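Peer 1: I have a structure here, written as structure tokens, and I will follow up with some questions on it.
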Amino acid sequence: MQFNALKNMRVAILGAGREGQSVWRQMRRRFPRKHLSLFSEAPVDEFFVKVLNPALDDLHVGPLDTARLRQFDVLVRSAGISPYRDELKELRSLGLQFTTASNLWFAENPEARTICISGTKGKSTTAALTTHLLSQAGVKTCLAGNIGKPMLDCDDVNVDWWVIELSSYQISDLRARPDIVVLLNLSDEHVDWHLNAKNYRSDKLRLARLVEDGRLIANASDVALQKEFSGHSNVRWFNQAGQWQAGESHVVRQTHGIEKADKQAECSITPSRLAAPVSLPGEHNMQNLAAALTVCEELGVNFPHLNEALSTFRGLPHRLQLIGTKAGVRYVDDSISTTPVSVEAALQATGYADVVLILGGMDRGLDWTCFAKGIREETPYSIITVPDNGPNISACLKEAGVKPEGGLHALPGLREAVLLAQTLVPDNGCVLLSPGAPSFPHFVNFEDRGRMFKRYAGL
């Protein structure tokens, strides 16, 4: 469905956040006098409210009202609103049509060459790395999707390749034909949105079924992806012999277990061993780098000075970002972390000793058992949990026998957690915000949570 199809239809936009606002801007630009309705379950950015035209724009804030929504022909669903919800199922059964910002963009740009990147963790960094490396090689790129601009707000011209980060929310009903798909890893997340883990995995893997001509790049070290695609001839793997592989602090290209230390790699990327830039701490970031380098190889780009190209990459805000040092204590903002797996990766990057870890946020029903068992032997100095799922995490940690030297503490909010962390953290230690959960409803988004962490720390 393209925008022209909406010209004479009654259209409602579900969600008035980042994506919903981008849909509204496009609709208003194309149809200046068209009546539009927006429905938001969360408070709406006051700056956006001010640009709405009361004569043409109706804004409804509160629970979705199916009786009111029945009057429309098309509902443009924002990514945060699950199509599995009963309200949307009812509306679909009544014959209402649904589309999304992502589907509109792909329909409007059928000739765009796209690299779509997804995974439970690491997709933002991998998308940013891929864009950076391609740009350094002279390839005209545009970074969009979950990172960068909303896709519909991108008005770039003469783009060679679009690098698009996609979440499972966007993939579940995506109608597109990506040229290249990158799958980084797969573990349970967003179970509440997808109703169950089976739906989540199916929705995430749906991206692989959409890829043009089977140009799928996947992580050979991920057990779930190996199980899904092992034996498929159209998959290009990274993290296996003959391809880029991640180490703890480097990536290397090997053939039959023998490192090509002095030889040109099969494509024109060189050297074959790369140390991690300062902006990419931890083995999980080496996984991301291996994926980005594999994309570059797939496109046949040339990097005569790859180390130099990597040295100019800057890590993304709120992703294991060192936001400052105070009285010898490091403060690391990993507010983007929304799963137990991402918390584990953060601890592997920062180390466990002398770390005070702040955990907790929106409760999505995720199981913290594996995480708790995984840190039983190597435990942060102290762990502080905050609502909403803080009590559940604490109970899981206690049941697993996790006993941090500096104690396990449950506090009512981030401010209190930071203040306590500052009294607990050992000399030259680290206060790590890696919540393992979304920021709602206590913060506008993960960026807002990261900013407040920095403010509470006095940095």
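Peer 1: Hey, could you check region 187-209 for residues that are in contact (Cβ under 8 Å) with a residue 60 or more places away in the chain and either more than 23 Å from Ile81 (Cα to Cα) or in contact with a strand residue (DSSP E or B) (Cβ under 9 Å, 6 or more places away or on another chain) (or both) and say which is surrounded by the fewest Cβ atoms within 10 Å (Cβ to Cβ)?
Peer 2: Among those residues, the one meeting the criterion is Leu207.
Peer 1: Before we move on, is Arg77 more than 25 Å from Ala144 (Cα to Cα) and not β-branched (Val, Ile, Thr)?
Peer 2: When the stated conditions are applied, Arg77 does not pass them.
Peer 1: So, one more: Go through (1) in contact (Cβ under 8 Å) with a residue 60 or more places away in the chain; (2) closer than 29 Å to Glu447 by Cα; (3) not acidic (Asp, Glu) and name the single condition Cys154 misses.
Peer 2: Checking Cys154 against (1) in contact (Cβ under 8 Å) with a residue 60 or more places away in the chain; (2) closer than 29 Å to Glu447 by Cα; (3) not acidic (Asp, Glu), the one that fails is (1).
Peer 1: So Tyr456 fits all but one of (1) part of a loop (DSSP other than H, G, I, E, B); (2) open to solvent by 10 Å² or more (accessible area, probe 1.4 Å); (3) closer than 19 Å to Ser337 by Cβ; what number is the exception?
Peer 2: (1)
Peer 1: Could you list all residues from region 146-186 that are out of contact with any Asp or Glu (no Cβ under 6 Å at 6 or more places or on another chain), small (Gly, Ala, Ser) and crowded, with 20+ Cβ neighbours inside 10 Å?
Peer 2: Ser167, Ala176 - these are the residues of region 146-186 that are out of contact with any Asp or Glu (no Cβ under 6 Å at 6 or more places or on another chain), small (Gly, Ala, Ser) and crowded, with 20+ Cβ neighbours inside 10 Å.
Peer 1: So which residues in region 416-453 are in a loop (DSSP other than H, G, I, E, B), among the aliphatic types (A, V, I, L, M) and open to solvent by 50 Å² or more (accessible area, probe 1.4 Å), if there are any at all?
Peer 2: Passing the criteria: only Val444.
Peer 1: Report, ordered by the first and then the second residue, all pairs with beta carbons closer than 7 Å, sequence separation of six or more or different chains, a first member in region 374-401 that is among the aromatic types (Phe, Trp, Tyr), and a second member that is surrounded by fewer than 24 Cβ atoms within 10 Å (Cβ to Cβ).
Peer 2: Every condition considered, the pairs that remain are Tyr381/Ala353; Tyr381/Asp354; Tyr381/Pro404; Tyr381/Glu405; Tyr381/Gly406; Tyr381/Pro426; Tyr381/Gly429.
Peer 1: For residues that are of a type in the set (Gly, Ala, Ser) and assigned to a loop (DSSP other than H, G, I, E, B), scanning just region 337-381, find the one that is nearest to the chain's Cα centre (by Cα). Let's see the steps before the verdict.
Peer 2: If we filter region 337-381 for residues that are of a type in the set (Gly, Ala, Ser), which is where we start, we get 337, 342, 345-346, 349, 351, 353, 360-361, 365, 372, 374.
This time we only want the ones that are assigned to a loop (DSSP other than H, G, I, E, B), so: 337, 351, 353, 360-361, 365.
On the way: Ser337: 9, Gly351: 23, Ala353: 28, Gly360: 18, Gly361: 16, Gly365: 19 Å.
Checked region 337-381; the qualifying residue nearest to the chain's Cα centre (by Cα) is Ser337.
Peer 1: Something else: Is it fair to say Asn219 is in contact with a Ser or Thr (Cβ under 8 Å, 6 or more places away or on another chain), under 20 Å from Val341 (Cα atoms) and surrounded by 13 or more Cβ atoms within 10 Å (Cβ to Cβ)?
Peer 2: On the way: in contact with a Ser or Thr (Cβ under 8 Å, 6 or more places away or on another chain): no; under 20 Å from Val341 (Cα atoms): yes; surrounded by 13 or more Cβ atoms within 10 Å (Cβ to Cβ): yes.
So Asn219 fails the test.
Residue by residue, here is whether (1) assigned to a helix (DSSP H, G or I); (2) among the hydroxyl-bearing types (Ser, Thr, Tyr); (3) open to solvent by 30 Å² or more (accessible area, probe 1.4 Å) holds:
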{"site": "Asn4", "(1), (2), (3)": "yes, no, yes"}
{"site": "Ala12", "(1), (2), (3)": "no, no, no"}
{"site": "Gly20", "(1), (2), (3)": "yes, no, no"}
{"site": "Gln26", "(1), (2), (3)": "yes, no, no"}
{"site": "Phe47", "(1), (2), (3)": "yes, no, yes"}
{"site": "Lys50", "(1), (2), (3)": "yes, no, yes"}
{"site": "His60", "(1), (2), (3)": "no, no, yes"}
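The values are calculated or read from the model by the stated rules, or taken from the named source; none is laboratory data. Not measured: the values here are computed from a predicted model. Glycine also receives a Cβ, built like all others from the backbone with ideal geometry; neighbour counts cover every protein chain displayed. We work out accessible area using only protein heavy atoms, side chains counted, and drop any ligands, DNA or RNA first. Shrake-Rupley method; radii C 1.70, N 1.55, O 1.52, S 1.80 Å.
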